[in-house]
Structures are given as C-alpha cells and as structure tokens.
Amino acid sequence: MKSEPTPKRFDLEGGATLLLEEDHSLPLVSMTLALKSGSAHDPAGKEGVSRLALRMLRRGAGGMSSKEIEDAIDRLGAEVGTDVAPSGATVGAQVIRRNLEPFLDLLVKMLGSPSFPEDELGRLKRETVAEIMESRDSDRALAHKAFRRSLFAGHLYGRSTTGTPATVEGLAQDDARGAYALHMRRGNIVLGLSGDVDEAAARSVAARVLGALPEGGGLPDPIVEPEPKKGRHLVFVDKPERTQTQVLVGTLGTSAFDPDHVPLGVANAVFGGTFTSRLMREIRSKRGWSYGASARLATDRHRQSFSMWTFPAATDVAACLRLEIDLLETFVEKGITPRELSFVRSYLTRSRAFDVDTSSKRLHQAIDVLSLDLPADYHSSYVAKVKGTTVEAANAAVKERIHPEDLVVVVVGTAESTLEGVRGAIDSLADHTVVPFDVD
C-alpha cells in the first residue's frame, strides 16, 4: 500500500499551527478551528459553560444580531457548527470557494468579537435545558451517560460536556465571556483548511482568523490519568414500560501511548469490531438476542474506556448479559486465533482506504494528532503496525489491558421486571445502584 498523503504543516507566530490539505476537485473550502482545551476546564458547578460559550458565537457578534448572522451564513452558502469534548473543542465551517472572502468577514466577527447578548444567552440556556430533557427519551444516551459517570466517577471524564439543567440555568453572561476568553487564544489553536485552497490563500485565511483573536499560550491539561474501578458494579437506569433494554459493559481500555495500542485494537476487531466478530456471531447470528453487538476502544489524550454494547429485549437481557461476560472472559483467557488474526489484519488494512479517501478526513486525523497530543505517527504508522501484529502480541495486549474482574455494567430498562434477572447474570457482583432515568 502506498504511503498516505499528509497535510502540510505551518507553525505560526503566537503558537498556533496551520494545517493544509488541498483538493481542487470541488469549489468548496472547509475550515476547522480546533482548541486544545475543552469542557474539562469548566469550573465545578458550571458544567456546560464551554459548550454554551462556543454556541453563543452565532448569537451576536461585531454589531450583528443572531438573525443577521444566520441570514448571512445562508446567503453565502456556508455552514458553521461547534463541538465540545472534555479534551478539546472545534468550530467547523464550510463555504463555496467564490464566497470565501465575504465569509471570512463574517467568521472573523463571530470568532473575534462575540457580543454575548443577554436575551440570546437566556434563549440558548432554555434550548440547552430542553435538549437535556429531550435526551432522556433516548435509552442509548442514558446508558452512555450512566456508563461514563460510573466508570469515571470523580474524574473529569465522568462529567457531562452539556452540563445539567441546574448548572446551565445558573450560568451568567460573565461565565460565557470568561470561558470564551479562556479557550479562544492563539497559542491554543490548530487551524485546519481543506479543499479548494492553496498555500497562499490558506496563509491569508490564517492571518485574518488568528489576527482577530487575543494572544496567549495553550492551557495546562487539568485531566489526570484515570484509575481503574475495582470489582464488578451494576448501574440500573430505571425507566418505566421498557420492552427493550440498552446494555453497556466495560472497563478501562487503552492509551494512544501504550506500546500495545494497535495490537489491542486488532484483537478487539476480532472480538467486536466487525460484522462477523465473535460478539455479532454469538449474540445476533446464532441467538437473535440483539440486532447489534459490538466492542469499542475509545481514544483521547488520556486512557479511555473499553465497552461492549447490545440492546436485547427485556426478556433476553439476563441471558445476553451473562453470555457477553462469558465471551469477554474467554477472549481475555484464550485470546484470538491465527485464522482470526489473518482475516482481521486484511480487513483493517483494506478498509483503511476509507479513512483517508477525502481531504477532510486526512485533515481531521492530523488535527486530532496535534490538538490531542497524540503520537506524531499515530495515523501514519497504523497500517504498518496492523500488518506487524502477531497473535502473541495481540493476546498479550488483551491480557494486559482488559480486566473482566473489574467491570461497570449499565442497563437501561424497567427495574420491577428486569433487575433481579440482571443481578443474577453477573457473577461476583460487588454492588448495584438503581438510578431513575429522569435524575441528572
């Protein structure tokens, strides 16, 4: 496989970095302003303030009202969105090439001189609280929230980037301004451009965007390495009249800096990362208990989670859960086979092409490396490391990193009819907690 193209990198004055991935096949320009800090910097009791501050960029800036900003975005054929995670945040935009200059006029106002009007802040707070309330309708969202809170209890990864109704309602204009000032500084930024733009134009864009922002370096990382949660713990999210459940089972997983990071990922693909994985074969194909069954290794600046996800009927959840744990124990004890390794190495190597087939995908990989402080060759060495993974290395990684004796199990269902069966499906259960679905 030929080497993958990589974006051009330019280190700019003030500590910012510019990444450029040219692609002139379509008259579109995509921009990502990535901040190296995120919701982990939200003060205790003010969770959600970073997300709120970035969303306020569209609600008034440079003498323009929210409606004027929205009308201008539509008129220019552009898109603007924001996203916030514990370790970072982004402002993403896309525009038709011929409208790049007038769009930059607008973007510079939004990024450089947001006004945080009180009426718009109040409206956005109400919208955010409504979003939180609406998320309770999603059993899957409830499961992920409970899993994160339990596995990372007392850790910054366990907090919500959105906040709670109480923390959001308590945010004031000064809180939003303070969060903006904290994050939006030149030395805290990776600016990526892809599409129909050359180096000269990219440098001009960077000069205009970064010139509108205050000087300042990057922020110290407040996140410490998470500690494993010992023992097996059940969190049952009680929701009335559930005929189907959501189940997450997991523990601490991998760090991008682990020497066995890729071998563990290869082994996990055998276990739960493809349509023909062990989990899919045993749970869906053979027994029909859940339409989907997968295992995932999350990646961030620090060690993240390993998790298995299924969504069986309430009548099948106990048997499905017991089987999942049995499969996990066998996976750790016996590992994968040479035949499984051969198949998944080929699958991962071939499917890699779909991860780098557009300029936008290649750009975002490079942005992740810089904004999350991942190893410089995290993506570029992936295929070689997959091809070099042996059965011995994969199985050793599983034994080293995955500990079935230390599990967080989250089930969203109706406790009255399902809880006892679920408890009985988990051997050596240390404790269980029943949480109402509508409590934040």
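Kindly provide the set of residues from the range 357-373 that are in a helix (DSSP H, G or I) and free of Cβ contacts under 8 Å to residues at least 60 places away in the same chain, ordered by number.
Selection gives Lys361, Gln365, Asp368, Val369.
Being at pLDDT 95 or above, out of contact with any Cys (no Cβ under 7 Å at 6 or more places or on another chain), open to solvent by 20 Å² or more (accessible area, probe 1.4 Å) and under 24 Å from Val235 (Cα atoms) is the requirement here; does Glu127 meet it?
no
Identify the residue in the range 392-440 that is open to solvent by 60 Å² or more (accessible area, probe 1.4 Å) and under 24 Å from the mean Cα position of the chain (by Cα) and, among all such residues, is nearest to Glu227 (Cα to Cα).
For the range 392-440, the residue satisfying everything is His403.
For Thr389, state whether it is hydroxyl-bearing (Ser, Thr, Tyr), within 18 Å of Leu323 (Cα to Cα) and surrounded by 20 or more Cβ atoms within 10 Å (Cβ to Cβ).
no
Got a number for residues in the range 269-279 being surrounded by 21 or more Cβ atoms within 10 Å (Cβ to Cβ) and without any contact (Cβ under 8 Å) to a residue 60 or more places away in the chain?
3
Residues are listed down the side, and each one gets a yes or a no for (1) within 19 Å of Gly48 (Cα to Cα); (2) part of a strand (DSSP E or B):
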site: Glu134; (1), (2): yes, no
site: Leu142; (1), (2): yes, no
site: Gly154; (1), (2): yes, no
site: Arg177; (1), (2): yes, no
site: Val190; (1), (2): no, yes
site: Leu219; (1), (2): yes, no
site: Pro226; (1), (2): no, no
site: Pro240; (1), (2): no, no
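Kindly indicate which of Gly195, Gly187 is in contact with a helix residue (DSSP H, G or I) (Cβ under 9 Å, 6 or more places away or on another chain), at positive phi and crowded, with 16+ Cβ neighbours inside 10 Å.
The unique qualifying residue is Gly195.
What residue, among those in the range 383-437 that are among the small types (Gly, Ala, Ser) and not in a helix (DSSP H, G or I), is nearest to Glu241 (Cα to Cα)?
Gly413
List the pairs whose first member sits in the range 340-356 and is of a type in the set (Lys, Arg), whose second member is at pLDDT 95 or above, and whose Cβ atoms are under 6 Å apart, counting only residues at least 6 apart or on separate chains?
Arg345/Val386; Arg352/Val383
Applying the selection to the range 263-310, what residues are in a loop (DSSP other than H, G, I, E, B) and closer than 25 Å to Thr390 by Cβ?
Narrowing the range 263-310 to residues in a loop (DSSP other than H, G, I, E, B): 274-277, 286-292, 298-304.
Passing the criteria: Thr274, Phe275, Thr276, Ser277, Ala298, Thr299, Arg303, Gln304.
Taking the range 405-426 on its own, how many of its residues are out of contact with any strand residue (DSSP E or B) (no Cβ under 8 Å at 6 or more places or on another chain) and under 17 Å from Leu328 (Cα atoms)?
1
The conditions are (1) part of a helix (DSSP H, G or I); (2) closer than 27 Å to Gly158 by Cα; (3) over 20 Å from the mean Cα position of the chain (by Cα), and Lys230 fails exactly one of them. Which is it?
If we test Lys230 against (1) part of a helix (DSSP H, G or I); (2) closer than 27 Å to Gly158 by Cα; (3) over 20 Å from the mean Cα position of the chain (by Cα), just (1) comes out false.
Being open to solvent by less than 40 Å² (accessible area, probe 1.4 Å), more than 17 Å from Ala176 (Cβ to Cβ) and assigned to a helix (DSSP H, G or I) is the filter here, so list the residues in the range 65-77 that pass it.
Ala72, Ile73
Determine, yes or no, whether Ser346 is at pLDDT below 95 and either in contact with a Lys or Arg (Cβ under 8 Å, 6 or more places away or on another chain) or among the polar types (S, T, N, Q) (or both). Reasoning before the result, please.
Details: at pLDDT below 95: no; either in contact with a Lys or Arg (Cβ under 8 Å, 6 or more places away or on another chain) or among the polar types (S, T, N, Q) (or both): yes.
Considered against the rule, which asks whether it is at pLDDT below 95 and either in contact with a Lys or Arg (Cβ under 8 Å, 6 or more places away or on another chain) or among the polar types (S, T, N, Q) (or both), Ser346 comes out as no.
Among the candidates Val108, Val80, single out the residue that is assigned to a strand (DSSP E or B) and either closer than 15 Å to Val209 by Cα or among the small types (Gly, Ala, Ser) (or both). Step through it out loud before you land on a result.
Numbers: Val108 fails: assigned to a strand (DSSP E or B).
Sole residue among the options that is assigned to a strand (DSSP E or B) and either closer than 15 Å to Val209 by Cα or among the small types (Gly, Ala, Ser) (or both): Val80.
Only one of (1) under 19 Å from the mean Cα position of the chain (by Cα); (2) crowded, with 19+ Cβ neighbours inside 10 Å fails for Ala141. Which number is that?
The failed condition is (2).
Leu248 is checked against (1) open to solvent by less than 10 Å² (accessible area, probe 1.4 Å); (2) touching an Asp or Glu at 6+ places or on another chain (Cβ under 8 Å); (3) closer than 26 Å to Arg159 by Cβ and fails just one. What number does that condition carry?
(2)
Looking at the range 96-114, can you tell me whether even one residue there is buried (at least 18 other Cβ atoms within 10 Å of the Cβ) and either hydroxyl-bearing (Ser, Thr, Tyr) or more than 18 Å from Val205 (Cα to Cα) (or both)?
Scanning the range 96-114 turns up at least one residue that is buried (at least 18 other Cβ atoms within 10 Å of the Cβ) and either hydroxyl-bearing (Ser, Thr, Tyr) or more than 18 Å from Val205 (Cα to Cα) (or both).
Hey, among Arg203, Arg177, Arg159, Arg185, which residue is among the basic types (Lys, Arg), in contact with a Phe, Trp or Tyr (Cβ under 6 Å, 6 or more places away or on another chain) and at pLDDT 95 or above? Before you say what the answer is, go through the steps one by one.
Working: Arg203 fails: in contact with a Phe, Trp or Tyr (Cβ under 6 Å, 6 or more places away or on another chain); Arg159 fails: in contact with a Phe, Trp or Tyr (Cβ under 6 Å, 6 or more places away or on another chain); Arg185 fails: in contact with a Phe, Trp or Tyr (Cβ under 6 Å, 6 or more places away or on another chain).
Every option except Arg177 fails the conditions.
The values are calculated or read from the model by the stated rules, or taken from the named source; none is laboratory data. On a predicted model such as this, the values are computed, not experimentally measured, just so you know. All Cβ positions, glycine included, derive from the backbone under ideal geometry; neighbour counts span all protein chains shown. Calculation scope for accessible area: heavy atoms of the full protein, side chains included, ligands and nucleic acids excluded. Shrake-Rupley method; radii C 1.70, N 1.55, O 1.52, S 1.80 Å.
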